[in-house]
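Quick note: the coordinates plus some simple rules give every number you see, no bench work behind them. Just so it is clear, the structure is predicted and the values come from calculations on it, not from any experiment. Neighbour counts are summed over all protein chains in view; Cβ atoms, including those assigned to glycine, are modelled from backbone coordinates with ideal geometry.
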Amino acid sequence: MEMNPVLESIKFMLLGMGTVFLFLVVMIFCMNIMSAILSKYFPEARPDVNAKLNAAMNNSQKDDKKVVAAITAAIKYHREG
C-alpha cells in the first residue's frame, strides 16, 4: 500500500471511471446486437402514407377555415373597441 493518499485516490478514480466506461461500451454493443436481432425477426409494419397524407390535408383545410374565422372575429372585435 502506498503512503501518498493523493496518488492512491487518483488510481481508485481511474479504476472506477474505467470500469464504468467499459460497462457502457459493452452495454451499447449488446443493445446494438439486440436491436439487429429484433428488427430481423420482428420488422415494423409500414403504414399507408398516402391515406394519412390525405386525411391530414382534409383536417388541415378544416383547421385553416377555423383559423381564418378566428382571426376575422378578432380583427372585427378590435376595430369595434
query: Any idea how far apart Met31 and Lys66 come out in nm if each label point goes 7 Å out from Cα toward Cβ?
result: 3.9 nm
query: How big is the C-alpha Rg of the stretch 1-44 next to the rule-of-thumb value 2.2 N^0.38 Å, as a ratio?
result: 2.02
